[in-house]
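I have placed the structure first, in the form of structure tokens, so that the comments after it can refer back to it.
The values are calculated or read from the model by the stated rules, or taken from the named source; none is laboratory data. On a predicted model such as this, the values are computed, not experimentally measured, just so you know. Note that each Cβ is placed from the backbone with ideal geometry, even for glycine, and that neighbours are counted across all protein chains shown.
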Amino acid sequence: MKKYLLSTMIAATVLLFAACNSGGSKSNAGTAQTETKASAGTEHHDEHAVLEVQGLCEMCKGKIEAAAKSVEGVSVAVWDLDKKEIHLHFNPQQTNIDAISKAIAGVGYDTGRDKAEQATYDALPACCKYRG
């Protein structure tokens, strides 16, 4: 039983370490870019935006994307680890880039528009800390 428990703990640690170290360390100093696209045959217009978001690993990716998707009106949120930017599709009648940026900063990740509070950043796992 002890061997099984120890093996499970080692496997979990290896997976966590791999997730935290799977990304590069390139930086991109871009800001949000938006474009509006009409959905075919509907009155609904989706807006596409690209926003700079700091982070280091796959764990960051999951938290950043989840924070963006938690904002009502966001239909797509995909963070690019290498470029340090998130691609968003959202309904501008329900939300805007500022609200999405604030939601991401609220979970500890600096964006091109908002800086995460120090206490929230400090609570991130060690592998997610990108500030020098």
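Computed quantities for the displayed model
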item	result
Members of segment 69-91 that are assigned to a loop (DSSP other than H, G, I, E, B) and of a type outside the set (Ser, Thr, Tyr)	71, 72, 73, 81, 82, 83, 84, 91
Where a residue in segment 109-132 is more than 17 Å from residue 97 (Cβ to Cβ) and its partner, wherever it lies, is of a type in the set (Val, Ile, Thr), with Cβ under 9 Å and at least six apart	120/107; 124/107
Selection from segment 51-85 of residues that are crowded, with 20+ Cβ neighbours inside 10 Å, over 14 Å from residue 106 (Cα atoms) and of a type in the set (A, V, I, L, M, F, W, C)	51, 56, 57, 74, 77, 79
Any hit, segment 63-86, residues being in contact with a Cys (Cβ under 9 Å, 6 or more places away or on another chain), aromatic (Phe, Trp, Tyr) and closer than 19 Å to residue 132 by Cβ	no
Scope segment 92-132; condition of a type in the set (Phe, Trp, Tyr) and assigned to a helix (DSSP H, G or I); matching residues	121
Segment 41-68: number of residues that are at pLDDT below 95 and either touching a helix residue (DSSP H, G or I) at 6+ places or on another chain (Cβ under 7 Å) or assigned to a loop (DSSP other than H, G, I, E, B) (or both)	4
Close pairs (8 angstrom Cβ cut-off, 6 or more residues apart or separate chains): over 21 Å from residue 67 (Cα atoms) and among the hydroxyl-bearing types (Ser, Thr, Tyr) in segment 35-54, in a strand (DSSP E or B) and at pLDDT 60 or above anywhere	36/45; 36/46; 36/47; 36/48; 39/45; 39/46
Selected residue [under 12 Å from the mean Cα position of the chain (by Cα) and not hydroxyl-bearing (Ser, Thr, Tyr)] from 86, 97	86
Every pair of residues 6+ apart whose Cβ atoms lie under 6 Å, when the first sits in segment 57-84 and is touching a residue at least 40 places away in the same chain (Cβ under 8 Å) and closer than 12 Å to residue 101 by Cα while the second is among the aliphatic types (A, V, I, L, M) and crowded, with 16+ Cβ neighbours inside 10 Å	64/53; 64/104; 67/103; 67/104; 67/107
